Structures are given as C-alpha cells and as structure tokens.
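Notes to accompany the following structure.
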Amino acid sequence: MPISGTTGRRTTALAVAAAAALFGTMALPATAEAHGRGHDKPKYEDLQLLAINDLHGNLEPPAGSSGNINEIDATTGKTVATPAGGVEYLATALRQAREGHRNSITVAAGDLIGASPLMSGLFHDEPTIEALNKIGLDVTSVGNHEFDEGSAELKRMQDGGCHPVDGCYEAGREFDGADFPYLAANVTSEKTGKPILKPYWVKNVHGVKVGFIGVTLEGTPNIVTAAGVQGLKFGNEVATINKYTAELKRQGVNSVVALIHEGGLPASNIYNYDCGPGGSGISGPIVDIAKRLDPAVGAIVTGHTHTAYACMIPDPNGVPRSVTSAASFGRLYTEIDLKLDKRTGSIVRPSVTAANHIVRRDVAKAPDMTALIDHYRALAAPIANRPVGWISADINGRGSTALEKPLGDVIADAQLAGLSAADKGGAQVAFMNPGGIRADLVYKSTGSEGDGVVTYGEAFAVQPFTNMMQVKTLTGAQLVQLLQQQVSGSNEASPKILQPSANLAYTLDLNKAGAARVLVDSIRLNGAPVDPNAKYRVAANEFLAGGGDGFPAFAAGTDKLVGASDLDLFNTYLTGHSSAGTPLTAPATTRIKVIGVGQDND
C-alpha cells in the first residue's frame, strides 16, 4: 500500500521562506555566498537534530492502538493506522538518519522512563537507560514521569549504582547510569534554590557553540505523587528558559535549543501535521510558551501530550519558529535541519526545517537492541508470562478517545471490588484517573500465551505505577464537588474525566461551562440521589486521593485507610472475574451520559 511522504518538511519550508523576509539580513544568502567563494571558508555549518519524547520505557513494539501512527494513504487519501515503534527499529531509523551528516545531535524532551511496561519497569527503568545509551542519545530534559520514584532515583538514573532497595539485578553487574545529561533547569531544591541537575548542556559544533536548555512543565507537582516531588520547586518554563538563554549568551553561546516537557494539541492526528500558517492549527500550553520565549531560542522540541506536529509558531517578534513533537512510545522521531552562522554563532532561523518520520517495523532490527531486549526478557519471563486473566476482545484504555473508556471502567470496578469489604476500607464507589491508564488489554497474543490471555506483564503495562490504594470519607457535597472538578478549576480548559465504578451514573453536558457541565440532579449512586449531608467511602489510588490531577475534593477526605496496590487489585479482579471458558468482556460505556460537542453517547 503506497503511503504519503513526509510532507511536514515541505510545508514547514514554505513557512520559513516567509520568515526569511522578516529576518532581513539574517535571511540565507545565495548558495555561492553560503559556502564561500574560491578558497573562502564556509560561513555556515549544517546541523541535524534528531528528537524523541515520551518513550516511557517502551523497548518492545507497543501493542494495540498504542503501537500505531496515523498517516494518509497516498492512493486512497484515507487515514490508515501504521504499526510503529520498538527500540530495535528506532535504533535502526536514527542510525540511518545520521548517515551523511557531519554534525548530528540526538535530543529528547522527557518522560523517557516512568509508566513503563514490565520489561523496563520491573528493573526500575535501567534497561531503557541502557538502550538510550546504545542508541546514542546526547541530551534530554526531564519530564514529570522522571520523578515517579523521586529525585534520588532520578539522580541514580543519571549517575548509576544499584537500586537502594532491590539492589543489583545480576551478580557482578552494576548499573552505570546515563551517558547523556538529564537537564532540569526549572527544578530546584527547596533548601538550596539550585537546580537538582544541570540546567543546560553546550556542544561545540566545529567552532559554533550550541546550548540546550531542558525544562519540565511547571505543573509537575499536580500530576506526580507528593513523595515524588518532595523537597522540590518547579519554576515557570518561560522565565527559566529566558534566564538561561541570557546566561548562555553571556558565555558566547548564541545558538540555543529548548527541550520542553510540555506540549500542544494539534487539530489533526496525522503524524506529519504542520499546524498551518502561524501555528493556527495547534492549541495548548506550548503555544503561549513558544510565543514568549527569547527569540534567540532557534528551535523548540516538546513532549508530554503524546501528539505529533511540526509547527511554526511566532516568537515575541512575530517571526515563525519551529516547534515539534514526536508523539510517544518511540513511534516517531523528528528530524530538524538547520544552519549555524559561523560568524555570529547563532542559528539561522529561516534555515530551520523539521519533519516527523515514522519508526516503521519493516526495516532491519538493530542487533544490539535485540540482544538487550532478549537479555531482559529472559530475566523478566518468570513474572511477565504468568497468566492473570482472559478477555474475549480488546478492552481499550489508552487507545480509546472516548471520555469514558472501557478499560477505565474495568479498573474502577476492580478497585471497588477489592476495597468494599469493611476490613478493606468499606468503599462505596471508586474512581480511576484517565492518565493512569497506560495501555490497552489486547486480545491478540503478544507472545506464546495465546489469544485472549492476559499476562502479568500486560496487566503491568496498564497499571505500571503500583500506586497504593486509599479509601476516604467524603460528604455527598464533596462527592458532587469531585465530579464538578473534572470540568472546572484547573481542569476547565482540558477536562479530566474520572472513570467511575459501575454503581455511579450521571450526565455531563459539554454545551455548558465549568462546573455546570455536571448535571447534579442526574447523579445516582446505587440508583439513588447523592445526599449532600451523608458520608460516603470513596476509593482511589494514592495520587488521585492526594488531590492530584486537580481534584482538591479528594485531598479533603477524612478517615484514610491504605489498601493494596492498584496493580494487585487489577490482577485479582482479572483472575476472579474471568476464565478460559468465560472471558471478560468490555463493559458498555454508559455510566457517564455525555451530550454536546459531538460527544453524545446516548
């Protein structure tokens, strides 16, 4: 099937051509001048940047919809889903992309580890760091998931050494840490006020110094457990990058690239979407950030939203600037090509072009990546391959675009089932945060287990955080507030719809604004209206129960009881509610009636 090419570079080139006029004397000179006349030395140095983001420890090809990338079929014009990803193919793609380039730097924008499948997560993501070392990653920013196990563990990822609790996984073999620097310019110690890791990294490219500044989103504490960010302060992305851009310029570094773990939401889900003129086709936090960053920042590499784009967004002077993201899970990489002015030491902004490329699975596997995967697969096999349940068809979670996700319902049901007993917390209702659902349950066999069999490794991929569960007492009024906080406050612009257990139902009207979107009179728990003065026992994982994701109503709960981990409850439910003869089916997503904005699921 013929597939369209990477048109992102072509459309980006059109945008930068318009930018050249705005730059005046900075516009690229004629070819003869660019490369010098006669025996003159070249005035420009070419640089290739290869970028990834949000790998999340996906060493093996991601399964189900999480392993696809949407592109346009060149013959039919229809959108097709192309299987992509896997570090064996990513390594090959990056190595091929570097061929013929005198200067190439491989960069990343955070969340390379954390929320990882079992092959990496079981070993505290040491396998992923080893893979990135072999692939040739040069530098990355931190992301919010780099803090899942706290700053001390992040520093171990950087410096190496055995895990403080689990120790080394093989006799005589100690983890060496990352060969590349993790950058955390806006993450400072509350005690010292200094960044916990390097704020920037400088590479000398044949006489031109190029600085890379790395930041994560300022709101990281809202989406990571309190223990993970204890003792840390997260600064504003724009203020931090502009501060260190000025510092780099004082050091004679005039070429700057920002690596930002924050992103946008493009209007199209096609992998090479270029966002249209002036970045009109992208929304989200990165738009405001990009418009306020110092014009000396020549290119912006982003992440976090798991979307793909190669956009031109105006800088504070109104000049288009490249802003990119390579989706997630190693399914894409971004190629950014630019010229460095050897006289001024700066990036020639009109020269910057960018395009996303699919990490296709029809290329040769990188042998060193295959060896690494085989090594850790053998170590993990006794745990990973154990069957824990059976399903009759795919049950989508991460791959579902609906507000209520089938797998989210299953997880919430599992949590209620495991915590409803009086000695387990007496839970009367349970909620699952949508961001914590990290994969789908896929019917097709991924190994030798057979179709429909759910292994421990597959369940782990869905619930990799091993968050401890909590049951708290909320009043009926607080329970209503909890539902309203899905679509108001910090969640008003981008709602976070909690996945409810089967005994809760209500209507969400997206034609309304803020808290009014939740129709209070429609809320039913076990078929009855919620009494604002009554007390209810509510179950959630420790992140959500602590007020994470913008739910302060949870944090206000009382009489906390800590239960088993979310993963343990999920596995117990799968085992207890399915068998080879009676596999689990996907629940009907009718707990939340959604009306308005084309979302009516009546």
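Descriptive notes on the structure:
- As an equivalent ellipsoid, the stretch 404-479 spans semi-axes of 29, 13, 11 angstrom, where each value is the square root of five times an eigenvalue of the C-alpha gyration tensor, largest first.
- Projected over every direction and averaged, the convex hull enclosing the alpha-carbon atoms of the stretch 480-533 yields 3.8 nm².
- A simple count of charges around Ser189, restricted to other residues whose Cβ falls under 15 Å of its Cβ and scoring Lys, Arg +1 and Asp, Glu -1, yields +4.
- Cross-link pairs Lys155/Lys405; Lys424/Lys535; Lys535/Lys560 - those with Cα-Cα distance over 24 Å: Lys155/Lys405
- Close amide H contacts of Gly399 (hydrogens built in the peptide plane, cut-off under 5 Å, sequence separation of 5 or more or a different chain): Asp440.
- Distribution of pairwise C-alpha distances over the stretch 135-197, 5 Å bins, in %: 4, 16, 23, 24, 17, 11, 4, 1
- Here the chain was treated as a single set of alpha-carbon atoms; its pair distances binned every 10 Å from 0 give 3, 16, 26, 27, 17, 7, 2, 0, 0 percent.
- Charge dipole of the chain (Cα centre as origin; +1 on each Lys and Arg Cβ, -1 on each Asp and Glu Cβ, all else neutral): 1480 debye, rounded to the nearest 20.
- Considered as an equivalent ellipsoid built on the Cα gyration tensor, the stretch 239-309 has semi-axes of 26, 11, 10 Å, the largest given first.
- Around the amide H of Ala327, modelled in the peptide plane, lie the amide H atoms of Thr307, Ala308, Tyr309, all under 5 Å away and 5 or more residues distant in sequence or on another chain.
- Cα→Cβ-extended label distance, 7 Å offset, between His375 and Ala556, nm: 5.3
- Note on the stretch 328-380 and the stretch 537-602: Cα centroid distance 36 Å, given to the nearest whole angstrom.
- Listed values for the stretch 160-174 are Karplus-derived 3J(HN,Hα) couplings in whole Hz (6.51 cos²θ - 1.76 cosθ + 1.60, θ = phi - 60°), namely x, x, 6, 5, x, 10, 7, x, 8, 8, 9, 4, x, 10, 10, and x replaces Gly and Pro.
- Placing R0 at 22 angstrom, the Cβ-Cβ distance between Thr401 and Lys444 gives a FRET efficiency of 0.60 after rounding to 0.05.
- Computed with a 1.4 Å probe on the full set of protein chains, the accessible area for Ile592 sits at about 0 Å².
- Highest mean packing first, where packing is the average number of other Cβ atoms within 10 Å per residue, the peptides 384-393, 358-367 line up as 384-393, 358-367.
- Semi-axis lengths, largest first, of the ellipsoid equivalent to the stretch 419-566 are 28, 19, 15 Å, with √(5λ) applied to each eigenvalue of the Cα gyration tensor.
- The alpha carbon convex hull volume per residue for the stretch 59-206 rounds to 164 Å³.
- Distance between the pseudo-spin-label points of Asp568 and Ser494 (7 Å out from Cα toward the beta carbon): 3.3 nm.
- All alpha carbon pair distances within the stretch 192-319 were sorted into 5 Å bins beginning at 0; the resulting P(r) in whole percents reads 2, 10, 19, 20, 18, 15, 10, 4, 1.
- Hull volume in cubic angstrom per residue (convex hull over the Cα atoms of the stretch 357-497): 172
- Where labels lie 7 Å past Cα in the beta-carbon direction, separation of Arg343 and Ala528 in nm: 8.2
- Remark: relative contact order (the stretch 443-579) = 36 percent; criterion is Cα-Cα distance under 8 angstrom and separation of 6 or more residues.
- Of His56, His206, His163, the order by accessible heavy-atom surface (1.4 Å probe, DNA, RNA and ligands excluded), from most exposed downward, is His206, His163, His56.
- Estimated purely from DSSP H runs of n ≥ 4, each contributing -39500 (n - 2.57), the mean residue ellipticity at 222 nm for the chain is -7000 deg cm²/dmol once divided by its residues.
- For the stretch 378-394, the Karplus equation 6.51 cos²θ - 1.76 cosθ + 1.60, evaluated at θ = phi - 60°, returns couplings of 5, 5, 8, 3, x, 8, 5, 8, 5, x, 10, x, 9, 10, 8, 6, 4 Hz by residue, with Gly and Pro reported as x.
- Enclosing the Cα atoms of the stretch 500-582 in their convex hull gives a volume equal to 155 cubic angstrom per residue.
- Of Lys472/Lys496; Lys78/Lys365; Lys243/Lys291, those spanning more than 24 Å from alpha-carbon to alpha-carbon: Lys78/Lys365
- Euclidean distance between Cα centres, the stretch 476-498 to the stretch 393-432, Å: 18
- Computed over the chain, relative contact order equals 15 percent, with contacts defined as Cα pairs under 8 Å that lie 6+ residues apart.
- Per-q log10 I(q)/I(0), the stretch 280-407, q = 0.10, 0.14, 0.17 Å⁻¹ (Debye; single scatterer per alpha-carbon; no solvent): -0.56, -0.87, -1.03
- Angle in degrees between helix 7-23 and the longest Cα principal axis of the chain, rounded to the nearest 10: 50
- Across the accessible surface of the chain, with the other protein chains kept in place and a 1.4 Å probe, carbon and sulfur atoms take up 52 percent.
- Sequence-distant residues sharing a close amide H with Val388 (under 5 Å, placed H): Val454, Thr455, Tyr456
- Residue-span extension gain [Gln230 to Lys41] - 0.36 nm each, minus C-alpha spacing: 62.8 nm
- Distance between the stretch 188-208 and the stretch 41-55 - C-alpha centres, whole angstrom: 20
- Solvent-accessible area of Phe123 with every protein chain in place, 1.4 Å probe, in Å² to the nearest 10: 10
- Remark: the chain carries 39 Å² of accessible area per residue (probe radius 1.4 Å; ligands, DNA and RNA excluded).
- Selection from Val215, Gln251, Gln230, by position along the positive dipole direction of the stretch 167-260 (Cβ): Gln251
- Note that the stretch 437-443 has calculated 3J(HN,Hα) couplings of 8, 9, 7, 9, 8, 9, 5 Hz, one per residue in order, obtained from phi through the Karplus relation 6.51 cos²θ - 1.76 cosθ + 1.60 (θ = phi - 60°); glycine and proline are x.
The values are calculated or read from the model by the stated rules, or taken from the named source; none is laboratory data. Just so it is clear, the model here is predicted, and its values are computed rather than measured. No Cβ is skipped: glycine too gets one built from the backbone with ideal geometry, and neighbour counts run over all protein chains shown. These area figures cover heavy atoms from the full protein model, side chains too; ligands, DNA and RNA do not enter into them. Shrake-Rupley method; radii C 1.70, N 1.55, O 1.52, S 1.80 Å.
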